[in-house]
Amino acid sequence: MNGCLYIVATPIGHLSDLSQRAIETLREVDAILAEDTRQSAVLLRAHGIATRCESLHEHNETALAARLVERLQAGARLALISDAGTPLISDPGYRLVAAARAAGVTVSPIPGACALVAALSASGLPTDRFCFEGFLPAKTGERRAALQALKSEPRTMVFYESPHRLKETLEDAAAIFGDQREAALARELTKRFETILTLPLAALAQRVAQDADQQRGECVLIVSGAKESTSDALALGQRLYAELSKELPPSRAAKVAAQIAGVAKRELYGAS
Ligand code: SAM
């Protein structure tokens, strides 16, 4: 008899955002695999869930996956939860799910809260096409390079960000994507101090720099994609700059390429 691995979404703040099916599943399984068993205990107690919890986090997942799959194959029903939101979304669980599916075990999602979807749905930015970028690198140079690589991305971009790095990330994003690119900052969703600001990047960076409250708590940053025409013009500018800089000093090459392509000169410097 095969068991089942349930991937159960838990709230991202408000304890009531746990679905009835999630509650029933968490009550009925043989064990709950939790990222931080002490943190999950608060949620489980609030919903009268007394199921035994076992620890599964990024540091022990690889070591435990094979044994967990054996238990599932022997008929165990296990539920995976993370500290908040949907497991595997910037959270542990990928290795276990991949191993379970490879072994033919049923993996079934119990959907619910996810910060990126909650933020996007209330941001007022285009939702028809988007990409999730997770956390940007912590080091300044790597973060700027990651943003630079996304400069011409036409889809709405969603990032998770630490409140300690938010101010710098917004300043970098404004410098790289342009001051006027629309963005949204969704903070403390479903919690007491929930705020969602939708502003051009430079104005958003300024607002966050001036308001220490905006640098606290959990946040999702959303940046609208490059306009197709902008990304076309930028791509042309970059090609011209690459060719011209073989013959001209970089500053002169950037100036000429920018004039022909109709983009700002400073957009070409860091781009090549
Ligand atoms: N698995 C989670 C999910 O489904 O969204 C995400 C886990 S990730 C380790 C934590 C990050 O998600 C935070 O740093 C923040 O960027 C975002 N996040 C989680 N809860 C949030 C909330 N209530 N409001 C805004 N962002 C939140």
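Residue-by-condition table, conditions (1) small (Gly, Ala, Ser); (2) over 30 Å from ALA235 (Cα atoms); (3) in contact with a Gly (Cβ under 9 Å, 6 or more places away or on another chain):
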| position | (1), (2), (3) |
| --- | --- |
| ASP172 | no, no, no |
| ALA175 | yes, no, yes |
| GLU188 | no, yes, yes |
| PHE193 | no, yes, yes |
| LEU197 | no, yes, no |
| LEU201 | no, no, yes |
| GLN206 | no, no, no |
| ALA209 | yes, yes, no |
| GLN215 | no, yes, no |
Do you know which residues across the range 112-145 are more than 12 Å from the ligand (Cβ to nearest atom), open to solvent by 20 Å² or more (accessible area, probe 1.4 Å) and part of a strand (DSSP E or B)? PHE130
As an exercise: evaluate SER90 against (1) within 19 Å of the chain's Cα centre (by Cα); (2) more than 16 Å from the ligand (Cβ to nearest atom) and give the number of the one condition it does not meet. (2)
Name the residues in the range 198-219 that are within 18 Å of ILE12 (Cβ to Cβ) and either modelled with pLDDT of 95 or more or among the small types (Gly, Ala, Ser) (or both), would you? GLY217, GLU218, CYS219
Tell me, please, whether a residue that is buried (at least 19 other Cβ atoms within 10 Å of the Cβ) and either touching a residue at least 40 places away in the same chain (Cβ under 8 Å) or within 18 Å of the chain's Cα centre (by Cα) (or both) can be found in the range 202-213. yes
In the set LEU26, LEU43, LEU64, LEU33, the lone residue that is of a type in the set (A, V, I, L, M, F, W, C) and part of a strand (DSSP E or B) is LEU33
Go through the residues of the range 182-200 one by one and say whether even a single one is open to solvent by less than 20 Å² (accessible area, probe 1.4 Å) and part of a helix (DSSP H, G or I). no
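Only one of these is within 26 Å of HIS59 (Cβ to Cβ) and either within 16 Å of the ligand (Cβ to nearest atom) or among the aliphatic types (A, V, I, L, M) (or both): ARG95, ARG77, ARG101. Name it.
On the way: ARG77 fails: either within 16 Å of the ligand (Cβ to nearest atom) or among the aliphatic types (A, V, I, L, M) (or both); ARG101 fails: either within 16 Å of the ligand (Cβ to nearest atom) or among the aliphatic types (A, V, I, L, M) (or both).
Sole residue among the options that is within 26 Å of HIS59 (Cβ to Cβ) and either within 16 Å of the ligand (Cβ to nearest atom) or among the aliphatic types (A, V, I, L, M) (or both): ARG95.
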Looking only at the range 25-48, filter to residues that are surrounded by 19 or more Cβ atoms within 10 Å (Cβ to Cβ) and either among the polar types (S, T, N, Q) or at positive phi (or both); which one of those is nearest to the ligand (Cβ to nearest atom)? SER40
Residues being buried (at least 16 other Cβ atoms within 10 Å of the Cβ), in a helix (DSSP H, G or I) and touching a Gly at 6+ places or on another chain (Cβ under 9 Å) - total across the range 232-264: 6
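For the range 215-227, check the following and say yes or no: at least one residue is part of a helix (DSSP H, G or I) and without any contact (Cβ under 8 Å) to a residue 60 or more places away in the chain. Spell out the reasoning first.
Residues of the range 215-227 part of a helix (DSSP H, G or I): 215.
Those still in the list that are without any contact (Cβ under 8 Å) to a residue 60 or more places away in the chain too: 215.
Yes, some residue in the range 215-227 is part of a helix (DSSP H, G or I) and without any contact (Cβ under 8 Å) to a residue 60 or more places away in the chain.
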All but one of (1) in contact (Cβ under 8 Å) with a residue 40 or more places away in the chain; (2) within 16 Å of the ligand (Cβ to nearest atom) hold for ARG155, so report the exception by its number. (2)
I want to confirm something. Restricting to the range 7-24 and keeping residues that are free of Cβ contacts under 8 Å to residues at least 60 places away in the same chain and among the hydrophobic types (A, V, I, L, M, F, W, C), which single residue is surrounded by the most Cβ atoms within 10 Å (Cβ to Cβ)? ILE23
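The values are calculated or read from the model by the stated rules, or taken from the named source; none is laboratory data. Note that the coordinates shown come from a computational prediction; the quantities given were computed from them, not determined experimentally. Virtual Cβ from ideal backbone geometry, glycine too; neighbours counted across all protein chains shown. Areas reflect the complete protein model, heavy atoms only, side chains present, ligands, DNA and RNA absent. Shrake-Rupley method; radii C 1.70, N 1.55, O 1.52, S 1.80 Å.
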